[in-house]
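Notes follow the structure.
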Amino acid sequence: MNAKTKSLLEIHAAVFLFGLSGLFGKILELPVMMIVLGRVFFASAFLFIVLLYLKKTIKLDRQKDYAAMVVMGILLAIHWSTFFLSIKMSTVAIGLLTFSTFPVFVTFLEPYFCKEKIRLSNIVLAGIAFLGVVLVIPEFEVGNHLTQGVLWGITSGFAFALLSMLNRKYVEKYSGTVVAFYEQFIAAVILLPFLFIQKPLFQATDIVLLLALGIIFTGIAHSVFINGLKNVKAQTAGIISCLEPVYGIIFAAFLLKEIPTVREILGGSIILATVLYSTIKPR
């Protein structure tokens, strides 16, 4: 097996694990904040051990880089909290599809971060993606739990778009694993007070599932994805990432009996087609 094929398989494996992570929002009967806390706590612990094993320093060059990591950790906490809240309020399909709008947000944020003008094509893309979201929404009532799930999913996508723009800047200076460690660790510190506020009762199965979510579906998945990027173009990785909601929806149908409606399939197809185009179109 040549290096490129191995890297492609690593990207696919990581995206597969990312896609399945949404199912934990339904399987775990814990409050959303506890699911996210467990995820980032075990993921940060795993990444710290990896960094120690590889003998990589976690020291940053400048004080303001630490401040940036705090902001990124806050964004990660918001992203995953709203993501799992979306799934709790609605379905795995709605949570994954609405979160998948993040590349459309990125096309709007890039001109701001890169000091460029917003292109008409970006506005058109956003409009088409919005049409897909409208189809996913069963009825336009804020009190409807499925509609709330859509709104939380879009919020999750926007938070991740902001995070990805900052990630792009700092992975040029630091190892992707170091950046991920800081994000997960800071998110864990931010969410820790909720452990004492909500005082949840953890079962043994909850701990095992949180360990799996944090280590396998987050820490290992992230490490494999970063490693795969060595021999695969970022654009190719972005296209493969479009499979994330597909994997999640298929397994949610089999394991949780959550069968997506015709509207969700149609709306999801429009969203994913828009995301795919925004990923491959020339910048």
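The values are calculated or read from the model by the stated rules, or taken from the named source; none is laboratory data. Every value quoted in this text rests on a predicted model; they were computed, and no experiment measured them. With ideal geometry, Cβ positions are generated from the backbone for all residues, glycine too; neighbour counts draw on all protein chains shown. Note: areas computed on protein heavy atoms with side chains; ligands, DNA, RNA excluded. Shrake-Rupley method; radii C 1.70, N 1.55, O 1.52, S 1.80 Å.
Built from the Cα atoms of the range 25-112, the convex hull projects on average onto 7.8 nm², one quarter of its surface area.
Projected onto its three principal axes, the C-alpha set of the range 161-216 covers 41, 25, 18 Å, listed from the longest axis down. The longest part of the chain holding none of the exposed loop GluC sites (Glu not before Pro), meaning those outside H, G, I, E and B in DSSP with at most 13 other Cβ atoms within 10 Å, is 173-283. Ellipticity at 222 nm from helices only: DSSP H runs of n ≥ 4 in the chain, each -39500 (n - 2.57), divided by the residue count, give -24000 deg cm²/dmol. The trypsin sites (Lys or Arg not before Pro) found in the range 10-83 that occupy coil by DSSP, while having at most 16 further C-beta atoms within 10 Å, are Lys55, Lys56, Lys59, Arg62.
Extension gain, Phe196-Lys230: 0.36 nm per intervening residue step, less the Cα-Cα distance, totals 8.1 nm.
For the chain, with all protein chains in place and a probe radius of 1.4 Å, 72% of the accessible heavy-atom surface sits on carbon or sulfur. Loop sites by DSSP among the chymotrypsin sites (Phe, Trp or Tyr not before Pro) of the chain, restricted to those with at most 14 other Cβ atoms within 10 angstrom, leave 1-139 as the longest stretch without any of them. The Rg/Rh ratio for the range 67-174, using Cα coordinates for both the radius of gyration and the Kirkwood hydrodynamic radius, is 1.02. Between Asn2 and Gln203, the FRET efficiency from the beta-carbon distance, with R0 = 41 Å, is close to 0.35. Computed from the C-beta positions of Ile259 and Ser121 and an R0 of 41 Å, the FRET efficiency is 0.70 to the nearest 0.05.
Counted residue by residue at 0.36 nm each, then reduced by the alpha carbon distance between them, the extension gain from Lys56 to Leu9 reaches 14.4 nm.
Sequence-distant contacts, meaning Cα pairs under 8 Å at least 6 residues apart, place the relative contact order of the chain at 40 percent.
Between Tyr277 and Phe130, the distance separating the two model label sites (each 7 Å from Cα on the Cα→Cβ line) works out to 1.5 nm.
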